[in-house]
1. Apply the Karplus curve 6.51 cos²θ - 1.76 cosθ + 1.60, θ = phi - 60°, to the phi angles in segment 98-111 and return the couplings in whole Hz, x for Gly and Pro.
2. Going 7 Å from the Cα of Thr425 in the Cα-to-Cβ direction, what parts of segment 374-391 have a backbone nitrogen less than 17 Å from that spot?
3. As I understand it, the dipole of the chain uses +1 on the Cβ of Lys and Arg and -1 on the Cβ of Asp and Glu, about the Cα centre. Which of Val403, Leu224, Pro266 lies farthest toward its positive end?
4. Could you give the length gained by full extension between Thr58 and Ala98, i.e. 0.36 nm per residue of separation minus their alpha carbon distance, to one decimal place?
5. What does the extension gain come out to for Arg142 and Arg276, with contour length at 0.36 nm per residue minus their alpha carbon separation?
6. For labels at Ala227 and Asp317 in the simple 7 Å Cα→Cβ model, what's the distance in nm?
7. About the Cα centre of the chain, how large is the charge dipole given +1 on each Lys and Arg Cβ and -1 on each Asp and Glu Cβ? Please answer in debye to the nearest 20.
8. Quick one: grab the alpha carbon gyration tensor of segment 87-316, order the square roots of its eigenvalues as a ≥ b ≥ c, and give me rounded if a/c is under 1.5, else prolate or oblate depending on whether a/b is larger than b/c.
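Just so you know, all these numbers are worked out from the coordinates, no wet-lab data involved. Computed from a prediction, not measured in an experiment: that's the story for all the values here. Positions of Cβ are backbone-derived with ideal geometry, glycine not excepted, and every protein chain shown enters the neighbour counts.
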Amino acid sequence: MATAALTLPSAGSASIVAAADGRLAEPRPLPVAPPGTPEQLAQDEAYWREVAAQYAVTDEITNLEAGFFGMMPAPVLAAYHRHIDRVNRESSYFARRAYPALAQASRARAAAALGVDVGELAFSRNATEALQSLIGQYNRVRSGDVVMYADLDYPAMQMAMNALAARQGATVATLEIPEPASHDAILAAYARALEAHPRTRLLLLTHANNKTGLLHPVKAIVELAKARGIDCVVDAAHSFGQVPLALPDLGAPFIGVNLHKWVGAPVGVGALYIRRDALDRIDRAHGDDGPLDRIDSRIHTGTTDFAAVMSVPDALDFQDRIGVARKAARLRFLRDRWAEQARGIPGVDILTPNDPALVGAITSFRLHGNGDRAFNAQIARTLSDEFGIFTVARSGLAKGDCVRVTPALYSTPADADRLVTALRTLAARS
Ligand SMILES: Cc1ncc(COP(=O)(O)O)c(C=O)c1O
């Protein structure tokens, strides 16, 4: 397209050129990562500037709220545009003929990346849809049973557990994730809760929660539950692409994931996993008459964003070029950069522990132990309005609200340092 070009601000040294219609040209290809461990590479600013240059980031704000959904890097965005053009041009002729094979290829690619068989994974539009299907269609809860979840689990899944219990005449038991969290304290909390509720049938677990970013020791908790004959459904909405993840390692039969958070696929792609031997514990989706022995009959989405599904291999190509372990190490480096400095500021409580097994990109803080909702919302607003740093306040923790900070691959150490300066000012003020 030979229209006038404008240069979009980018977080890196290389700029990305956009045509006047706003479409991004592909930036120069991402170089192969230099040798070294992921932890060594995490501090190689020259390499990460090249990565950041793949993202056309607005300069209106320093966005440290990458937990909502992930930006597509330029090659994925360009591919998505191409796919949209094709879908629109060829319409139903494409959707009925060429699309099913492309969707199946996307699914096979996602399944391989997650270490599962393609017959154990089905796309949804997001993790919520995947997990609500799994919970709502779980068929082993009986009257008098218990379903259980924790304060840090995601509200929509907590509600789905409540609805399942109400429908089946079961009760809901809840537990609090200890603060400060540690591997042993979390396990002990689950052990106590399961001991207190011997009729627990279904346990909701979150891998990386949306409030503090804590990486929960899911595998160990699943083992505790399994010993009592309890099934676990795992919310891994934040895990795919944030940290190395092979779904079988979590040990759970039912898992929901997102591809539009940390994998950088277009918004509108999630997936549900049902381990082959557990398919009969999930009923067919309401309104589906597909074969009982196929996972496809467990979710019925209807017409969906074809182009988003087609972009999955493009997003995974980009991810593979960097490598998930390197992504995770960089994100952790950026997280440590602000969180470790902030931990030393009087009045700043960092809610996510330093244990590398328990933390990824996301970490939350509270000022002066104040968990008041309005106070935390105001802190996030002040960070944005006064300091130009976008974060988000989060609710639902037993000990009160907090502010969540989530860097992305386009974030820089300077962004983290600016946040620390702002927190120093805010802590001294409040
Ligand atoms: C832990 C967790 N689960 C589920 C979701 C829902 O994801 P989506 O809105 O893409 O369905 C989120 C979203 O932030 C989340 O953080």
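1. Ordered by residue, 3J(HN,Hα) equals 7, 4, x, 5, 5, 5, 5, 5, 4, 5, 5, 5, 5, 4 Hz.
2. 378-391
3. Leu224
4. Numbers: separation 40, 0.36 × 40 = 14.40 nm, distance 3.59 nm.
Full extension of this stretch gives 10.8 nm more.
5. Working: separation 134, 0.36 × 134 = 48.24 nm, distance 2.28 nm.
Net length gain for the segment: 46.0 nm.
6. Spacing of the two 7 Å Cα→Cβ label points: 4.8 nm.
7. Values: 45 positive and 46 negative charges, 85 e Å.
Its charge dipole is roughly 400 debye.
8. Values: a/c = 2.23, a/b = 1.59, b/c = 1.40.
In terms of gyration-tensor shape, prolate.
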